[in-house]
2 protein chains.
Amino acid sequence: MANIRDLARMAGVSVSTVSRVLNNHPYVSEEKRTAVLQAIEKSSYHKNINAVNLSRGKTMLMGVVVPYSDHPYFSLMIKGIAKLALDHNYKLVLIQTDYREDRELEALEMLREKQIDSLIICSRTCSMDIVREYAGYGHIVLCENNNDEAVSVTYVNHYRAFYRALTYLYQNGHVKIGYCIGRKTGVNSLQRQAAYRDFVSKYNLGFNEDYIIGDCLYFEDGEKVVNKLREMASPPTALLVTSDQVAAGIVTCCQKLDIAIPGELAIIGFDNQPIAKMMDITTVKIPIEEMGSNLFLQAFNGDKSRKEMQVRLIERGTV
Amino acid sequence: MANIRDLARMAGVSVSTVSRVLNNHPYVSEEKRTAVLQAIEKSSYHKNINAVNLSRGKTMLMGVVVPYSDHPYFSLMIKGIAKLALDHNYKLVLIQTDYREDRELEALEMLREKQIDSLIICSRTCSMDIVREYAGYGHIVLCENNNDEAVSVTYVNHYRAFYRALTYLYQNGHVKIGYCIGRKTGVNSLQRQAAYRDFVSKYNLGFNEDYIIGDCLYFEDGEKVVNKLREMASPPTALLVTSDQVAAGIVTCCQKLDIAIPGELAIIGFDNQPIAKMMDITTVKIPIEEMGSNLFLQAFNGDKSRKEMQVRLIERGTV
DNA sequence: GTAGGGTGTGAAACGCGTTCCAGGTCAACT
DNA sequence: AGTTGACCTGGAACGCGTTTCACACCCTAC
C-alpha cells in the first residue's frame, strides 16, 4: 500500500505538497497538482485514516451510550443523532450498556484514549463524579436534567410532565393511579417518582408501592403489567406508562381480556410514537428525535449548554 | 499529556520496556515494571489509541450498515452483533443508510481507510461489483443469500420460507393471497417475489400487482395496508407480512374496524418478535439475533463462509 | 528602488505506540 | 569448559499524514 511519501516520490514533489493536494489547500500550482493526482490514480492510493487521526488528534467519531439500542425510545434518539452526525461528517460508535456501569466506563475510556471526540450518554448509570473526571478529555453530553458544569444537557422536565399527566387523570376522576417505568433508578425516574409522591401527598391519595411497576420497556411487557393489575385486590384505575410501546401492549392485552379502556383502566403513554396515534392512546409527546439532534449539536459544539425540551399532553381516547 | 517516551524517561527505562508493561508482555523485571507503573500513576498517562491503531494497523472497530436502525428487525440484529462484539473487545460503528448508496459507499470507504477492521452489511444497496472492490481491504459480510466468493454471508432462504408460508395459506383455503414488504428491491425481496410468482403460477392463482404492498416497515404501516385493502374491489383474503410489527399493526387496525381475523383476513407475520406471540400472530420465526451474532463471528474470523439459518412456521391464531 | 504581500514549495518536526533485532546475563545441561 | 536457552533490555525502524517554518519568486504600491 502506497503512502504519502511514495506519492511524493512518484510525483516528484514534497510530502507537504501531496498533503496540500489531498486536503485541497490553496497554493499548489496546477502543474504539481496534476502530477500528484496522477500519482494517486496510478498507485490507487488511499489515506490511512489512523495516521490522520493521530496527527490531527481527532477521529470524527462520536460515542453514543444507550442502555438498549433496540428500544424505540433510544433508537429514535439515535436516529436524531445520526441525522445531524451525517451532516457534520461524524460517525457514531454505538455503546450498548444494558445499564452496566463497566460498559459505560469503557465508553468514557474511549474518550480518554481519543478514539472518540465526544460522548453522548443517553441514559447514565455511573456517578457524576466519574463522568466529571472524564469531562476534560472531550465533550460529554447527557440527556437528563443535571446542573453539573462539566457537561452539556438536553432534557425534559419529567417532574412537571409527570405531575401534569397525573393531574389530568385526577381531573378525570381517578384517585387510584399507578405508573409503569423502565428502570426505577436513574435521574429521570427519580424525578418522576418525586412528582408521583408529591402528587399523591397533595391530594391525599396514599402512596402504594405496588402501583409502581418497573421493567416496562417493550410492547410485550404490557401483558405483564395487566397480569400484575389483575392480581391486585385494589388495582389502580389509571396508569401512566412511560413508553407508548408498553401502553400499546397494555391496551392490546386489555382488549383481549375485555377490560374496557378507559372505562375500567385509563392509560396515558409517553413519547407520542406513531403507535400511540394509531391506537388512539392519550400520550405525553416528547420530541425524542429532536432531542437526539440537539444532543449531537451540543457534543459537536462543545460549549456547555442546557436545553429543556417542551412536552405536551395529547388527548386521545384512553382517558 | 504524557506519552510513552515521557514515561520511559520518568521510569528510567526504554520505550520498549514501557510498551511491554502496558501490554502485559512477559520478560520485564518486577523492579522495572514497578517503576513504569509508578510513572504511569504519577503522570496519569493514557494511551493514545490512534497511535496504537496506526501502529497495529487495526482499530478494533467494526462497521455495521443498516438501512434503519430504529426498525425492530435491524435493532435486534444489532443486538446480536453487539453481544459478540463485546465478548471480542470490538466496538461497533453504526452506519445508517436509509438505503442510500452514497452512505453505503462511505462505510466501504471507512474500511479502505482502515477506520474499521471489517464491515457487516445487514441490507445491501450498492452493487456487488462495488462491494467486491473493497473486499481486499477487510472482511465484508452480508446478510443475504449470495454466492460471491469475496464475502461471507449469513442468510435465510427467503424463497423457501415464503413458499412454505404461501402453501400453508393455500392449504387453509386461501387463493387470493398478497404480501407486504419493506422495499421491493434487494436480494431478499426479489427472492420472495420469485417465490410468490412461482407459487401463484403453480396454483394458477393469477398474479396481481396490487397484492404486493411496499413500504411496510413499522407498526403504524399496518393502517396503511388495511386502507389499501379496503379500496380494492377484490382484496386478498390472506397476507404474508414480512415484519411482525406490521402484522401487529394490521391486526390492531382490523380489530378497530371489526374486520375478523382470520375470518375475513388471515395474517402471517415474519420474525417471531415478542409482539407476535403476545398478539397470537402466526409467524415465520427468523433467528435474527442469532444471525447478528453469526455475522459478527464471520466478520471477526475472516475466513469466507456461508451460513444458512433455519426458519420455522409458528402456528398461532391469525390463520 | 524598495518594501510588502501573495503565491508556491520543501524540510523537518510532530503526533505516539509497536515490534523486530541485537545483545547481554545467568543458570542449567552436555 | 562450552553450549543452550530462558530471561531481560534498549535502540531503531515502522506505521503515516499534518503542519509549521523558512525561503524563494514575482508583482504591486509608495
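Can you name the residue in the stretch A:8-25 that is touching a Lys or Arg at 6+ places or on another chain (Cβ under 9 Å) and without any contact (Cβ under 8 Å) to a residue 12 or more places away in the chain and, of all such residues, is nearest to A:ASP117 (Cα to Cα)?
A:ARG20
Which ones in the stretch B:116-149 are over 22 Å from B:GLN193 (Cβ atoms), assigned to a loop (DSSP other than H, G, I, E, B) and in contact with a Gly (Cβ under 8 Å, 6 or more places away or on another chain)?
B:ILE116, B:ASP117
Going by the structure shown, is A:LYS228 touching a Ser or Thr at 6+ places or on another chain (Cβ under 9 Å), within 17 Å of A:ILE267 (Cα to Cα) and away from every other protein chain (no Cβ under 14 Å)?
It is false that A:LYS228 is touching a Ser or Thr at 6+ places or on another chain (Cβ under 9 Å), within 17 Å of A:ILE267 (Cα to Cα) and away from every other protein chain (no Cβ under 14 Å).
Which ones in the stretch A:224-258 are of a type in the set (A, V, I, L, M, F, W, C) and closer than 15 Å to A:ASP280 by Cβ?
A:VAL241, A:ALA247, A:ALA248, A:ILE250, A:VAL251, A:CYS254
Kindly indicate the residue of the stretch A:1-20 that is more than 14 Å from every other protein chain (Cβ to nearest Cβ) and either more than 9 Å from DNA strand C (Cβ to nearest atom) or of a type in the set (Asp, Glu) (or both) and also least open to solvent (accessible area, probe 1.4 Å) among those meeting that condition.
Filtering the stretch A:1-20 for residues that are more than 14 Å from every other protein chain (Cβ to nearest Cβ) and either more than 9 Å from DNA strand C (Cβ to nearest atom) or of a type in the set (Asp, Glu) (or both), the one least open to solvent (accessible area, probe 1.4 Å) comes out as A:LEU7.
Every residue, every condition in (1) under 15 Å from A:ALA247 (Cα atoms); (2) out of contact with any strand residue (DSSP E or B) (no Cβ under 9 Å at 6 or more places or on another chain); (3) open to solvent by 40 Å² or more (accessible area, probe 1.4 Å), yes or no:
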site: A:TYR159; (1), (2), (3): no, yes, yes
site: A:THR167; (1), (2), (3): no, yes, no
site: A:HIS174; (1), (2), (3): no, no, no
site: A:CYS180; (1), (2), (3): yes, no, no
site: A:TYR196; (1), (2), (3): no, no, no
site: A:SER201; (1), (2), (3): no, yes, yes
site: A:ASN204; (1), (2), (3): no, yes, yes
site: A:CYS216; (1), (2), (3): yes, no, no
site: A:GLY222; (1), (2), (3): yes, no, no
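Do we find that B:THR282 is under 15 Å from B:ILE181 (Cβ atoms), more than 14 Å from chain A (Cβ to nearest Cβ) and crowded, with 22+ Cβ neighbours inside 10 Å in this structure?
For B:THR282, the condition - under 15 Å from B:ILE181 (Cβ atoms), more than 14 Å from chain A (Cβ to nearest Cβ) and crowded, with 22+ Cβ neighbours inside 10 Å - is not met.
State which residue is surrounded by the most Cβ atoms within 10 Å (Cβ to Cβ) when the search covers only the stretch A:53-63 and only residues that are among the aliphatic types (A, V, I, L, M) and more than 8 Å from every other protein chain (Cβ to nearest Cβ).
The qualifying residue surrounded by the most Cβ atoms within 10 Å (Cβ to Cβ) is A:MET62.
Which residue out of A:LEU76, A:LEU54 is part of a helix (DSSP H, G or I) and more than 12 Å from DNA strand D (Cβ to nearest atom)?
A:LEU76
Which members of the stretch B:64-73 meet the condition of being facing chain A (nearest Cβ under 9 Å) and not in a strand (DSSP E or B)?
B:TYR68, B:SER69, B:ASP70, B:HIS71, B:PRO72
Looking at A:VAL21, A:VAL36 in this structure, which one is near DNA strand D (Cβ under 10 Å from one of its atoms) and in contact with a helix residue (DSSP H, G or I) (Cβ under 6 Å, 6 or more places away or on another chain)?
Among A:VAL21, A:VAL36, only A:VAL21 is near DNA strand D (Cβ under 10 Å from one of its atoms) and in contact with a helix residue (DSSP H, G or I) (Cβ under 6 Å, 6 or more places away or on another chain).
Can you spot a residue in the stretch B:86-106 that is more than 12 Å from every other protein chain (Cβ to nearest Cβ), acidic (Asp, Glu) and either within 12 Å of DNA strand D (Cβ to nearest atom) or in contact with a helix residue (DSSP H, G or I) (Cβ under 7 Å, 6 or more places away or on another chain) (or both)?
Looking through the stretch B:86-106, none of the residues is more than 12 Å from every other protein chain (Cβ to nearest Cβ), acidic (Asp, Glu) and either within 12 Å of DNA strand D (Cβ to nearest atom) or in contact with a helix residue (DSSP H, G or I) (Cβ under 7 Å, 6 or more places away or on another chain) (or both).
Consider only pairs whose beta carbons are under 8 Å apart and that are at least six residues apart or on different chains; among these, list those whose first residue lies in the stretch A:26-41 and is closer than 13 Å to A:SER14 by Cβ and whose second residue is away from DNA strand C (no atom under 11 Å from the Cβ) and not in a helix (DSSP H, G or I).
A:ALA39/A:TYR45
Just to be sure before I move on: is B:SER123 under 19 Å from the mean Cα position of the chain (by Cα), surrounded by fewer than 16 Cβ atoms within 10 Å (Cβ to Cβ) and either at pLDDT 95 or above or polar (S, T, N, Q) (or both) in the structure I sent?
For B:SER123, the condition - under 19 Å from the mean Cα position of the chain (by Cα), surrounded by fewer than 16 Cβ atoms within 10 Å (Cβ to Cβ) and either at pLDDT 95 or above or polar (S, T, N, Q) (or both) - is not met.
What residue, among those in the stretch A:110-120 that are open to solvent by 10 Å² or more (accessible area, probe 1.4 Å) and either basic (Lys, Arg) or in contact (Cβ under 8 Å) with a residue 24 or more places away in the chain (or both), is farthest from the other protein chains (Cβ to nearest Cβ)?
A:ASP117
Just checking, how many residues over the stretch A:21-44 are assigned to a loop (DSSP other than H, G, I, E, B) and more than 9 Å from DNA strand C (Cβ to nearest atom)?
Looking only at that region, the number is 3.
With the condition kept exactly as written, say whether any residue in the stretch B:45-58 is more than 10 Å from DNA strand C (Cβ to nearest atom) and modelled with pLDDT under 95.
The answer is no, given that none of the residues of the stretch B:45-58 is more than 10 Å from DNA strand C (Cβ to nearest atom) and modelled with pLDDT under 95.
Taking A:VAL64, is it away from DNA strand C (no atom under 16 Å from the Cβ) and modelled with pLDDT of 95 or more?
Here the answer is yes, as A:VAL64 does meet what is asked.
The values are calculated or read from the model by the stated rules, or taken from the named source; none is laboratory data. Because the structure is a prediction, the values reported are computed rather than measured. Every residue, glycine as well, gets a Cβ built from its backbone with ideal geometry; the counts of neighbours run over all protein chains shown. Just so you know, the surface numbers come from the protein's heavy atoms only, side chains and all, with ligands and any DNA or RNA stripped out. Shrake-Rupley method; radii C 1.70, N 1.55, O 1.52, S 1.80 Å.
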